[in-house]
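Engineer: If you scroll down you'll find the structure; I have some questions about it.
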Amino acid sequence: MATPRYKRILLKLSGEALMGEGAYGISRQTIGEIVQEIAEVSRTGVEIGVVIGGGNIFRGVAPGAAGMDRATADYMGMLATVMNSLALQDAMRQAGVASRVQSALNIEQVVEPYIRGKAIRYLEEGKLVIFAAGTGNPFFTTDTAAALRASEVGAQIVLKATKVDGVYTADPEQDPGATRYHRVSFDEAIQRHLKVMDATALALCRDQRLPVNVFSIFKKGALGRVVAGEDEGTLVHV
């Protein structure tokens with residue numbers, strides 16, 4: 001891959017990305033392919049933090065949570081992210097990439113707690129850090145967790161990996177005429193209600209002057225191209 005433009009990045013992975021073609025759960029083949037993309041970037045010396053969602057297992061706002069107390073459902077979703085983080089760490093180990101999982105919820109028999117200073121030290125040592133359990137608080141999404149952790153550890157950009165290769169003027173699956181934004185400002189994304197991140201995450205990134213690049217994790221080599229600063233996906237900027 002080309003010379004990296006960024007030294008430290010925060011990669012936001014959706015839980016749904018781990019399902020592959022399945023309806024739920026984790027596809028070992030899919031997670032292996034994602035890890036290979038991450039490993040290639042890691043070997044160039046880029047410091048990588050990862051925030052992963054839990055939508056492939058459970059989401060507090062999903063139909064399966066209907067009738068549940070929202071806070072309880074959100075805590076269940078946080079535990080789902082811990083499961084995904086452990087699966088990602090295991091795949092990283094098999095790919096020869098050193099990684100650590102830090103959780104916003106204390107589950108010390110399984111993963112270590114989130115400690116900012118230790119996370120930064122791991123990154124400086126070249127280890128990949130997987131941030132689990134979101135922010136540790138209900139009513140906040142993993143998008144917000146990604147914006148928060150990126151700001152805390154001094155990441156230069158948030159990379160939101162999705163199934164779609166950027167942000168479009170409309171749903172490209174519903175509207176054949178939809179076009180992809182190459183660049184868009186935070187204010188425009190918020191005003192037009194573009195599905196980049198939730199409003200809290202977008203506002204935090206805007207206030208911290210932290211750019212966000214939305215791209216497809218399933219497009220081979222896309223992660224490397226984004227890190228190299230090439231025109232891949234959609235760049236959301238101040």
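Engineer: Among VAL50, VAL101, VAL97, VAL35, which is in contact with a Leu (Cβ under 9 Å, 6 or more places away or on another chain), assigned to a loop (DSSP other than H, G, I, E, B) and under 20 Å from VAL129 (Cα atoms)?
Structural biologist: Among VAL50, VAL101, VAL97, VAL35, only VAL97 is in contact with a Leu (Cβ under 9 Å, 6 or more places away or on another chain), assigned to a loop (DSSP other than H, G, I, E, B) and under 20 Å from VAL129 (Cα atoms).
Engineer: Which residues, counting only those in the stretch 1-32, are in a helix (DSSP H, G or I) and hydroxyl-bearing (Ser, Thr, Tyr)?
Structural biologist: We begin by selecting, within the stretch 1-32, every residue in a helix (DSSP H, G or I); these are 15-19, 28-32.
Selection gives THR30 alone.
Engineer: Still on this structure: Where in the stretch 120-238 are there helices (runs of 4 or more DSSP H), lying fully within it, with 2 or more residues that are buried (at least 20 other Cβ atoms within 10 Å of the Cβ) and free of Cβ contacts under 8 Å to residues at least 60 places away in the same chain?
Structural biologist: In the stretch 120-238, the matching helices (runs of 4 or more DSSP H) lie at 186-191, 199-207.
Engineer: Based on this model, can you work out whether GLY117 counts as surrounded by fewer than 20 Cβ atoms within 10 Å (Cβ to Cβ) and either modelled with pLDDT under 95 or closer than 27 Å to ARG225 by Cβ (or both)?
Structural biologist: Criteria not met by GLY117.
Engineer: Being within 22 Å of SER216 (Cα to Cα) and within 15 Å of the chain's Cα centre (by Cα): is that true of THR3 here?
Structural biologist: So THR3 does not fit the description; no.
Engineer: Something else now. Of the residues that make up the stretch 61-82, is at least one surrounded by 23 or more Cβ atoms within 10 Å (Cβ to Cβ), among the polar types (S, T, N, Q) and in a helix (DSSP H, G or I)?
Structural biologist: Taking every residue of the stretch 61-82 in turn, at least one turns out to be surrounded by 23 or more Cβ atoms within 10 Å (Cβ to Cβ), among the polar types (S, T, N, Q) and in a helix (DSSP H, G or I).
Engineer: Scan the stretch 89-98 and tell me whether some residue there is over 21 Å from GLY20 (Cα atoms) and without any contact (Cβ under 8 Å) to a residue 60 or more places away in the chain.
Structural biologist: Within the stretch 89-98, one or more residues are over 21 Å from GLY20 (Cα atoms) and without any contact (Cβ under 8 Å) to a residue 60 or more places away in the chain.
Engineer: Quick one: ARG93 ticks every box in (1) over 24 Å from ASN106 (Cβ atoms); (2) at pLDDT 95 or above; (3) surrounded by fewer than 13 Cβ atoms within 10 Å (Cβ to Cβ) bar one, so which box is it?
Structural biologist: So ARG93 meets the others, but not (1).
Engineer: So, in the stretch 154-180, how many residues would count as being of a type in the set (Gly, Ala, Ser) and farther than 21 Å from CYS205 by Cβ?
Structural biologist: Residues meeting the conditions: 3.
Engineer: Restricting attention to the stretch 117-141, which residues are under 22 Å from SER216 (Cα atoms) and touching a Phe, Trp or Tyr at 6+ places or on another chain (Cβ under 9 Å)?
Structural biologist: Across the stretch 117-141, the qualifying residues are LEU128, VAL129, PHE131, ALA132, GLY134.
The values are calculated or read from the model by the stated rules, or taken from the named source; none is laboratory data. Source: prediction; values computed, not measured. Glycine gets a Cβ as well: all are built from the backbone with ideal geometry, and neighbour counts include every protein chain shown.
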